[in-house]
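First the structure, in the form of structure tokens, and then the observations on it.
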Amino acid sequence: MSETLLARRRESLSPSYRLFYDEPLRPVRGKGVWLYEEDGTACLDAYNNVVPAGHCHPRIVAAVAAQTAQLNTHTRYLHQTILDYAEALLATFPAALNRATFTCTGSEANDLAIRVARHVTGGTGIIVTENAYHGVTLATAEISPSLGAKMPLGAHVRTVPAPAEGMDFSAAVRAAIKDLQRHGIKPALLVVDTIFSSDGVFADPPGFLATAAEAIHEAGGLFLADEVQPGFGRTGSAMWGFARHELMPDMVSLGKPMGNGYPAAGLVAQSHVIDAFGQNIRYFNTFGGNPVAMAAALETLRVIQEEKLMENAATTGAYLMAGLKARHQVQAVRGDGLFIGAELADGALASRVVNHMRAHGVLISASGPAGNVLKIRPPLVFTPAHADILFSALDGALADG
Ligand code: PMP
């Protein structure tokens, strides 16, 4: 069956699509932290951050189904749910971040942030980290060096190394600003995934991003916290990854976990920034902010808050990190809450471990420029008992080498 599907994919889908794992997974059903294949094989999902409340959470399924059966339109009619959600969402941010714009994808949110930054600053220069990923649109692909050399960065883009511990990240940002200025390019935006997921997961020390934000502000640019990966409580210590750095972003992009799998994303911004854009330029995103997307997002946020999933991310995350640190083949463990990077000797070993664990029913992945950092990012309903299952699969994989 899988062979047939593989052949049909090759025939009818763009080769841009990539499958995970040497032995591709074919789940037909999901529940909580489990994905099930047709023959009933259960796989422990320690990777899918798009479902913070777990696969097919009954409350979110019911909210989506009820709104789908009642009405689905767009943001050009009055509707209460978008306001209920915007208010609930903004309440999780510092007061200065007080306006929301809804999109369907994180890419669109980042794309909009680039447009806003250009409009407000009059500049075009953008600074990102060396192995960043920020999206699929042309503007966001041009600031996504992790796509590789065949997707050239824009001439207005400069990269800075990911912030390995001990490094002066703000000095690198200041050097990039100088380089832009030397080329006659006015800096518009510093974009940072606040957990540095595709760069290999860098969380510590808390606070190191604050001086980088200061540097871009001094140069007349804006700071965008890309919270598509760390946001919505995943880091355990706070709802938003930027909070651990004690800084105030001008804009924050959101996506992946926002609708527990239903497409919902957005940009939260300070009013003095977004109003200067919005008063001049119309933004209508046909599906963004539609009643079903907002029902999904509202119920997801309520579940995260009422089921105390952020608190669970902190406790289960600490348990996972301690267990990973105890494995001698693991050279470094970085992260916060349920966003964890575990560094192995090289990318080949990490790839063998990921595939071995998959064959034994535990799903993780690897990231970083060398592909040697195991990326562990489960639904936020993951418990220490699930972590023990992960450890035993990891030990088997490491023993196998
Ligand atoms: N920013 C980051 C940090 C991401 O990881 C991603 C998706 N992997 C995006 C933006 C783009 O989000 P989407 O795929 O929803 O367009």
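What the table below lists for this structure:
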quantity: Label point 7 Å beyond Cα of residue 39 along Cβ direction - residues of the range 384-401 with amide nitrogen under 18 Å; calculated: none
quantity: The range 91-133 residues near the modelled residue 155 label - backbone nitrogen below 15 Å, point 7 Å along Cα→Cβ; calculated: 124-126
quantity: Where Cα atoms sit under 29 Å apart: lysine pairs in the chain separated by 8 or more or lying on different chains; calculated: 14
quantity: Extension gain from residue 217 to residue 4, taking 0.36 nm per residue of separation minus the Cα-Cα distance; calculated: 71.3 nm
quantity: Per DSSP, loop GluC sites (Glu not before Pro) in the range 178-283 with at most 16 further Cβ within 10 Å; calculated: 246
quantity: DSSP-defined beta bridges in the chain - what % are antiparallel, rounded to 5; calculated: 65 percent
quantity: Calculated FRET efficiency for the pair residue 370/residue 76, C-beta based, R₀ 60 Å, to 0.05; calculated: 0.80
quantity: Most mobile listed residue (258, 357, 167) in the chain, GNM with C-alpha springs under 10 Å; calculated: 167
quantity: Full-extension gain in nm, residue 308 to residue 26, via 0.36 nm per residue minus C-alpha separation; calculated: 98.4 nm
quantity: 15 Å beta-carbon shell around residue 258, net charge (K/R +1, D/E -1); calculated: -2
quantity: DSSP loop chymotrypsin sites (Phe, Trp or Tyr not before Pro) with at most 11 other Cβ within 10 Å: longest gap in the chain; calculated: 78-283
quantity: Share of carbon and sulfur in the accessible heavy-atom surface of the range 294-334 [1.4 Å probe, %]; calculated: 54 percent
quantity: Rounded accessible area per residue of the chain, 1.4 Å, Å²; calculated: 42 Å²
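The values are calculated or read from the model by the stated rules, or taken from the named source; none is laboratory data. It should be emphasised that the depicted structure is a prediction, and the values quoted were computed from it without experimental measurement. Cβ: placed from backbone, ideal geometry, glycine included. Neighbour counts: every protein chain shown. Just the protein is used for accessible areas: all its heavy atoms, side chains included, with ligands, DNA and RNA removed. Shrake-Rupley method; radii C 1.70, N 1.55, O 1.52, S 1.80 Å.
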